[in-house]
Structures are given as C-alpha cells and as structure tokens.
1. Out of the residues in segment 46-60 that are part of a loop (DSSP other than H, G, I, E, B) and without any contact (Cβ under 8 Å) to a residue 24 or more places away in the chain, state the one that is nearest to Asp12 (Cα to Cα).
Amino acid sequence: MKRRAVFIRWRDANDPGNWTSAPRNPEALITTVGIMFAKTKQYVSLCQSFDDNDEPLLRGVFNIPRANIIEMYELDRK
C-alpha cells in the first residue's frame with residue numbers, strides 16, 4: 001500500500017458527541033497532518049501510524065469529509 005503524508009486544512013463539524021454549550025467558534029478551521037491510506041468521493045481517510053506488515057495495521061484512524069476540506073496537499077519527500 002502506498003503511503004503519502006498529507007497536509008489538510010478543513011472546516012470542523014463541531015460535533016463533540018455529547019451535551020455541551022454552544023461552540024464559541026462554529027467556523028473553526030482544523031489543520032491535520034497524517035498518512036493518507038484511502039479516499040472516496042465522500043471522504044479522505046488518514047492515520048497517525050502505519051505498520052506495513054503482511055496485514056497492514058493502522059493507528060489513529062479518522063475520516064475527513066471532502067466537502068469540509070479547504071486545502072490539501074502531499075508533503076514533499078526529501
């Protein structure tokens with residue numbers, strides 16, 4: 001599996017998953033750097049760590065909706 005480190009700036013959905021007061025900044029922008037391991041028309045999937053043994057293992061997996069992405073680019077390998 002090809003691993004690519006990417007930078008993504010995206011608009012947060014502001015869903016804390018439990019009862020809370022209204023967010024102070026509903027337009028929060030998030031910056032994420034991770035290893036892209038999959039993408040679909042709806043999502044870009046990143047992980048924090050990638051173990052590429054016979055059966056790859058991923059750690060720190062999450063999906064960012066493409067509709068929320070403002071900027072995304074691959075980080076240079078040097």
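The values are calculated or read from the model by the stated rules, or taken from the named source; none is laboratory data. Since this is a predicted model, take the numbers as computed values, not measurements. Please note: Cβ atoms are built from the backbone with ideal geometry, for glycine as well, and neighbour counts cover all protein chains shown.
1. The residue in question is Gln48.
Residues are listed down the side, and each one gets a yes or a no for (1) modelled with pLDDT of 90 or more; (2) closer than 11 Å to Ile69 by Cα; (3) out of contact with any Cys (no Cβ under 7 Å at 6 or more places or on another chain); (4) not in a loop (DSSP other than H, G, I, E, B):
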{"site": "Lys2", "(1), (2), (3), (4)": "no, no, yes, no"}
{"site": "Trp19", "(1), (2), (3), (4)": "no, no, yes, no"}
{"site": "Met36", "(1), (2), (3), (4)": "yes, no, yes, yes"}
{"site": "Val44", "(1), (2), (3), (4)": "yes, yes, yes, yes"}
